[in-house]
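Some notes on the structure that comes next.
The values are calculated or read from the model by the stated rules, or taken from the named source; none is laboratory data. Bear in mind the structure is a predicted one, so any value in this text is a computation, not a measurement. Here Cβ is always computed from backbone atoms with ideal geometry, including for glycine, and neighbour counts include all displayed protein chains. SASA here: full protein model, heavy atoms, side chains in, ligands and nucleic acids out. Shrake-Rupley method; radii C 1.70, N 1.55, O 1.52, S 1.80 Å.
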Amino acid sequence: MSDSAGDGKLEMKQASKEVKESENVAEKYSAMTVSKNSDMNMGDLSSAFTAVTTHKPVKKQIQFVEDKQEFSRFPTKAGRRSLSRSISQSSTDSYSSAASYTDSSDDETSPRDKTQVNSKGNSDFCVKNIKQAEFGRREIEIAEQDMSALISLRKRAQGEKPLAGAKIVGCTHITAQTAVLIETLVALGAQCRWTACNIYSTQNEVAAALSEMGVSVFAWKGESEDDFWWCIDRCVNMEGWQPNMILDDGGDLTHWVYKKYPSVFKKIRGIVEESVTGVHRLYQLSKAGKLCVPAMNVNDSVTKQKFDNLYCCRESILDGLKRTTDVMFGGKQVVVCGYGEVGKGCCAALKALGAIVYITEIDPICALQACMDGFRVVKLNEVIRQVDVIITCTGNKNVVTRDQLDRMKNGCIVCNMGHSNTEIDVASLRTPELTWERVRSQVDHVIWPDGKRVVLLAEGRLLNLSCSTVPTFVLSITATTQALALIELYNAPEGRYKQDVYLLPKKMDEYVASLHLPTFDAHLTELSDEQAKYLGLNKNGPFKPNYYRY
């Protein structure tokens, strides 16, 4: 849930690849809103929509963990018991639930050392405690109430099973909202195996509920780094079962399959990626000529960028900070590193509560937007000694360095709203002269020799879902987009998508938005024939060209 604003920021080119145009799945579904009794013909899903492929020049390569560390060895039992949460540069970063009924410390026994069976006698899963399934089911039911659009899609499409035969392996944040997506994919005919995209993300009771339902889940809150890779491998490596679709958040699953199971990777029919980190990795593979399967870039879809990144972070930033620090924002000096969609959401919330907000930016356009919105754009070193809170949301690495951490004032709160845990140089703080003191879950005091304390949240990992939760409704928008992308890639005829990275078309973004409007009792104005002709538009959309910036 972050925007890339670093050297690796990609320039968006809306260069389209012409593919065979036929009836759009959005038109097919949206027609059903007129008549509830309409029948759905999912057989035409393969001609769902025209996708736009984008090539983005990468100015700076993202560095991956060495193969020998990441792919070539498995840990000892003692090693996997240790919750080493420190310095991975993968996206094993946070995204956990503060609302979880049980903390990872409740039972020190590793789930890998337990034998658990659900009520159906199935043991093909690894979660904290399968007995928590009832609690998890209640949380999923609550989430469903605010994800009406995704539930509507499930009800409309489940009769024809557009994902029948799909074997989806997923690596996302395992929360109640994600569970609604997973259960939707199952209802549409898919077989799913799932793991968490970072070590603090999982709501244990939700993972238990999914496992009880029959989804093979390998995840628990507070995994070690070794556990993280073990769980990914268990998802992929099952005798008699081979995935043909990937739903990823961060790119770790994609690269594990690419590196460790190349024969499996070549048979994948499509990859759907939702994070800026994972999209960067896909474009690197594409540029190197190593991407041998089509991939859908959900992160840069309008419904992800303008809703999930902006509105979700506008609310969850305050939730995360309040739950962990009880800080009052009125009059506090806060610096937000990065003024992309995530940064814009954070700044709007902080400003509304009376905080004095500074912005750091490398992009002159984003910097000008910040100025016009009433914020002062500075270099971090100019205000490092005076600010009370530092929030990173750039998608880059080493945005806050050890030298800057040394110069922060006593009590400064440091946190990250980017997907990866590379923005704050936490590794440099793990030295003998500094003392780490756990205050509460996901809150540490890092104490310098002179007694100065810096409050570090979630060990530099993603704040909002490490330390709180996120709004269900906005995740419904992203989840619906992911589901439609999977349907399209799986049903597309051979040759429609080449070995490249594609964007969702405008029509699909508009359809996802339209599904969510009834929640607000919103009524769209319809173009007359004369008006549509004057604007050169189809009355049913799309209403904006692909290059339009909302």
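Does Y311 satisfy the criteria of being of a type in the set (F, W, Y), surrounded by fewer than 24 Cβ atoms within 10 Å (Cβ to Cβ) and part of a helix (DSSP H, G or I)? Explain how you work it out, then say what you get.
On the way: of a type in the set (F, W, Y): yes; surrounded by fewer than 24 Cβ atoms within 10 Å (Cβ to Cβ): yes; part of a helix (DSSP H, G or I): yes.
Judged against the criteria, Y311 is a match.
Among the criteria (1) open to solvent by 10 Å² or more (accessible area, probe 1.4 Å); (2) in a helix (DSSP H, G or I); (3) farther than 21 Å from V470 by Cβ, the one G189 does not fulfil is (2). Of all residues in the range 320-336, those that are closer than 17 Å to H419 by Cα and surrounded by fewer than 22 Cβ atoms within 10 Å (Cβ to Cβ) total 0. Residue pairs whose Cβ atoms lie under 7 Å apart, separated by 6 or more positions or on different chains, with the first residue in the range 528-546 and basic (K, R) and the second open to solvent by less than 80 Å² (accessible area, probe 1.4 Å), are K539/L527; K539/A532; K544/K506.
To keep it simple, each residue is scored yes or no on (1) touching a helix residue (DSSP H, G or I) at 6+ places or on another chain (Cβ under 6 Å); (2) open to solvent by less than 30 Å² (accessible area, probe 1.4 Å).
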{"residue": "T109", "(1), (2)": "no, no"}
{"residue": "R112", "(1), (2)": "no, no"}
{"residue": "V117", "(1), (2)": "no, no"}
{"residue": "F125", "(1), (2)": "yes, yes"}
{"residue": "F135", "(1), (2)": "yes, no"}
{"residue": "E141", "(1), (2)": "no, no"}
{"residue": "K161", "(1), (2)": "no, no"}
{"residue": "V169", "(1), (2)": "yes, yes"}
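Of the residues Y511, Y547, Y497, the single one that is crowded, with 19+ Cβ neighbours inside 10 Å and out of contact with any strand residue (DSSP E or B) (no Cβ under 8 Å at 6 or more places or on another chain) is Y511.
Residues that are open to solvent by less than 20 Å² (accessible area, probe 1.4 Å), at positive phi and small (G, A, S) do occur in the range 452-468. Of the set (1) out of contact with any Gly (no Cβ under 8 Å at 6 or more places or on another chain); (2) closer than 26 Å to A348 by Cα, all apply to W448 but (2). All conditions in (1) at pLDDT 95 or above; (2) of a type outside the set (A, V, I, L, M, F, W, C); (3) within 17 Å of the chain's Cα centre (by Cα) hold for T202, with the sole exception of (1).
Every listed requirement among (1) within 22 Å of S119 (Cβ to Cβ); (2) in contact with a Phe, Trp or Tyr (Cβ under 9 Å, 6 or more places away or on another chain); (3) crowded, with 24+ Cβ neighbours inside 10 Å is met by I199 save one, (1). Filter the range 168-191 down to residues that are farther than 19 Å from S476 by Cα and under 18 Å from the mean Cα position of the chain (by Cα), then give me how many there are. Of the residues in that region, 2 qualify. Restricting the range 429-451 to residues that are under 24 Å from G395 (Cα atoms) and surrounded by 16 or more Cβ atoms within 10 Å (Cβ to Cβ) leaves a set whose member that is modelled with the lowest pLDDT is Q442. Within the set of pairs 6 or more residues apart or between chains, which connect a residue that is within 10 Å of C347 (Cβ to Cβ) inside the range 357-381 to a residue that is of a type in the set (D, E) with Cβ atoms less than 7 Å apart? Short answer, once both residue conditions are applied: A370/E361. Of the residues making up the range 240-273, those that are open to solvent by 10 Å² or more (accessible area, probe 1.4 Å), without any contact (Cβ under 8 Å) to a residue 60 or more places away in the chain and not in a loop (DSSP other than H, G, I, E, B) are Y258, P262, S263, V264, K266.
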